[in-house]
Structure formats: C-alpha cells, structure tokens
Amino acid sequence: MKAIFVDEPLHIRIAEVERPSIGEKEVLIRIISAGICGSDVGIYYGTNSLVTYPRLIGHEYGGEVVEVGSAVKSLKAGDLVSVDPVRACGHCYACTHGRHNVCSTLEVTGVHRDGGFAEYVAAEEQYCYPLEMPDFPKEYLCLVEPYSIGVQVNHRGRVSKEDHVLIMGSGPIGLCIMQAAKYRGAKVTMTDLVDSRLERAKDMGADEVFNAGTDGYLDQALATTQDGQGFTVVIDTICSTWSFPLALDMACPAGRVVTLGLINKPSEVAQVSITKKELDVIGSRLSNSRFPEVLECFKNGAFTPQKLCTHRISYRDVEKAICEIKEHPENVCKIIICFDN
Ligand code: MN
Ligand code: ZN
C-alpha cells in the first residue's frame, strides 16, 4: 500500500509499504480521505516541537472497515468510521480524572506513532466512531477530528448562550470552534488578516468579523461587547508570542481565555493583566472523546464540513498542498487528500 512519510523536515516520501496486520481488538480500515492540518504543515517544515521523525503522518482520517479482529464486537466490514488519534495510558492522574487527552505519556497517531496518510490503517475498535448517516458524503469523515478540537475548546471555555466569544484567527480550527460555539447559542466575533477567510467565517455562521489589518479594528471589536468591557471568552487560534497577551487584553473582567498553541517560545505577560480581571486562562489540547458530539452535529446540520473543505486532492499531490497552505493561506481552507483514486 502507499503511505506518506516525512523522513525529516522538508523531506516527504510516498512509500510502498506492507499493509498493516490487525490484532484481535483491531479493525483494518481502507482510508477514504485524510485532512491536512496546520500541525502536519509544521511537521513538514520542522516547526512542530512534538513530532519525532521519520513519521507516517496524518491524524485526521476516516474510511471503510474491511477486516475485523476476532474480539471486535461493535464494528463490521463495510462500516464507515472516523478514527480518534489520541492514545493514552489509562492509569495516570489525567487518565483517571477524565482527561486522557493530556495523558502523561500521551501519543497521537501521525505525530508520535504512525498515522493515517496511508491506504490502510489498523485501529483498535474503541477509537473508531461509525458514521450512521447513509447520505453523508463519506470523504468528510476525516473532518470529525478537527471539529472535535472545536467542541473541546468550547467545553474548556465553558461557552454558553450568555457568552460573546472572540475567536482570533479564522483558519479551519477557528471555524470549527465558531460553529461549536454557535451551536451552544453564543454570539461569535472573529478576526483574520485575510478577507476571503472572514467571508467564509460569515458564511459559516460568525456574527461579526473584523480584518486585523484595519486600523482601529480592536477598538471597533471591543465596542460591540457589553459596555465595551471585552469578550466573555477569548480563544487564541493564532498561537503566536504576541497573540496571547492580546487575548488577555480583549477579555472582560471575570472572562476566560483559551489557548491552543504548541509554541515553545515565551510571551511577555504581566501578572496584573490576569489578576486584575480575575481571568481564567485555560489550555485546550486535542479532544477528550468528543467524536460522538461532532457526529451528532454533522447529523443535525450545526456543523458544515462541506464548507470547511475547499480542496480535494489525490494523495500524490500532498507536498504541493502542504506548501500551498503555508504560502497561500488566502487560497485554501481545509484540504483533504483522497486515497480512492
Ligand atoms: Mn488537526
Ligand atoms: Zn495516562
């Protein structure tokens, strides 16, 4: 079968490897499609601080079950599934407190162990979530994972209908967070430097958008909040050294700030900016078994993966696509690579 490896930064390789064999609790999945994530772009360019090389990349993937192990009960050949990439130990503090997505020995498929940019993947039954919607376009199965990030962020930020949420950045993850926040009834404002991204954000449900390249956009955005006091929840999807202090500034007293960054460079933050407003600063990583909630929202139409995905390409063009995401973010949102052609 074909599989996509990053051997080291800037070296991608489409290799012919042996199809994985399955254990008794595992299923073999013929991959239909896989999503390219910003973190995959980081793996390619050498800016992802968590990855180990060489790596069969990809953590957003889904496909059709073609073989089941002898102990598998809930799945059968022909089922369409998306696969949660989080692998946890089950017995550390985090795991025993319902937080296995930050397990002390956490591994993620496509980052710390082999992932889903391949024609076939073996996965344990417990990580596979079946799609029970006959009419749903099956190539969007791979987008359950990015939407699970959006759901997780909303859980962590305790977003409710009382909130006015600011999402800094309107890339794919910002859009997933936005639709999850809208589903919870919140009002959502988004920012970005790229107008086409802001237009997509509006089209997908954002209430207000501001171009961060416009003079005075921060004051204009603040003016839309209650008494101009700031946003009740601020979510930083820019994940840069400068964006974190800005997120703290944009939150109202008693508000919450959610971070998603994996950057390992320090931001300059005065403690008073957190203490004075008694802000909750909350990290959000991967997702804590949020796949069922996402599939529910695919079903009820709250999430629109068909609007998130702008490009469908053959796996042969993966390197070109990664470079396009990096160099021309204005032209693309979510790119999915297909293995069935
Ligand atoms: Mn991702
Ligand atoms: Zn653990």
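Taken together, the values in this text are just the output of simple stated rules run on the coordinates, not laboratory data. None of these values were measured; they are calculated from a predicted model. Cβ sites come from the backbone with ideal geometry, for glycine too, and all protein chains shown count toward neighbours.
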Exposure proxy check on 40, 7: fewest-to-most Cβ neighbours within 10 Å is 7, 40
Packing-ranked peptide list from 94-100, 245-251, highest mean Cβ count within 10 angstrom first, is 245-251, 94-100
Helix-only [θ]222 nm of the chain, DSSP H runs n ≥ 4, -39500 (n - 2.57) each, per residue, nearest 500: -7000 deg cm²/dmol
Relative contact order for segment 1-124 using alpha-carbon pairs under 8 Å, separation at least 6, rounded to a whole percent? 33 percent
Once the Cα atoms of helix 144-156 and of the chain are each reduced to a long axis, what angle between those two axes, in degrees from 0 to 90 to the nearest 10, is obtained? 40 degrees
For segment 132-257, size of Cβ-based charge dipole, Lys and Arg +1, Asp and Glu -1, in debye: 380 debye
Relative contact order for segment 114-206: what is it in percent, counting Cα pairs under 8 Å that are at least 6 residues apart? 24 percent
Of 265/307; 25/320; 2/25, pairs whose Cα-Cα distance is over 30 Å: 265/307; 25/320
Mind pulling the angle between the C-alpha long axis of helix 291-300 and the longest principal axis of the chain? Nearest 10 degrees, somewhere in 0 to 90. 80 degrees
Whether segment 297-341 is rounded, prolate or oblate, judged on the alpha carbon gyration tensor where a/c under 1.5 counts as rounded: oblate
Those chymotrypsin sites (Phe, Trp or Tyr not before Pro) from segment 209-290 that are DSSP loop and have at most 13 other Cβ neighbours within 10 Å turn out to be 242
May I ask you to list the trypsin sites (Lys or Arg not before Pro) in segment 149-218 that are in a DSSP loop and have at most 10 other Cβ atoms within 10 Å of their Cβ? 161
Least to most buried among 215, 114, 203 (fewest other Cβ within 10 Å first): 215, 203, 114
Under 10 Å, Cα contacts only: if you run a Gaussian network model on the chain, which one of 134, 85, 172 comes out with the highest mean-square fluctuation? 134
Using the alpha carbon gyration tensor of segment 121-258, what are the three equivalent-ellipsoid semi-axes (square root of 5 times each eigenvalue), largest first, in whole Å? 29, 16, 14
Where does the longest stretch of the chain lie that holds no GluC sites (Glu not before Pro) found in a DSSP loop with 14 or fewer other Cβ atoms within 10 Å? 25-131
Return one number: the angle in degrees, 0 to 90 and rounded to the nearest 10, between the long axis of the Cα atoms of helix 172-183 and the longest principal axis of the Cα atoms of the chain. 70 degrees
Reduced to Cα centres, the span from segment 160-221 to segment 47-72 in Å works out to 31 Å
Tell me the chymotrypsin sites (Phe, Trp or Tyr not before Pro) within segment 50-125 that lie in a loop according to DSSP and have at most 10 other beta-carbon atoms within 10 Å. 93
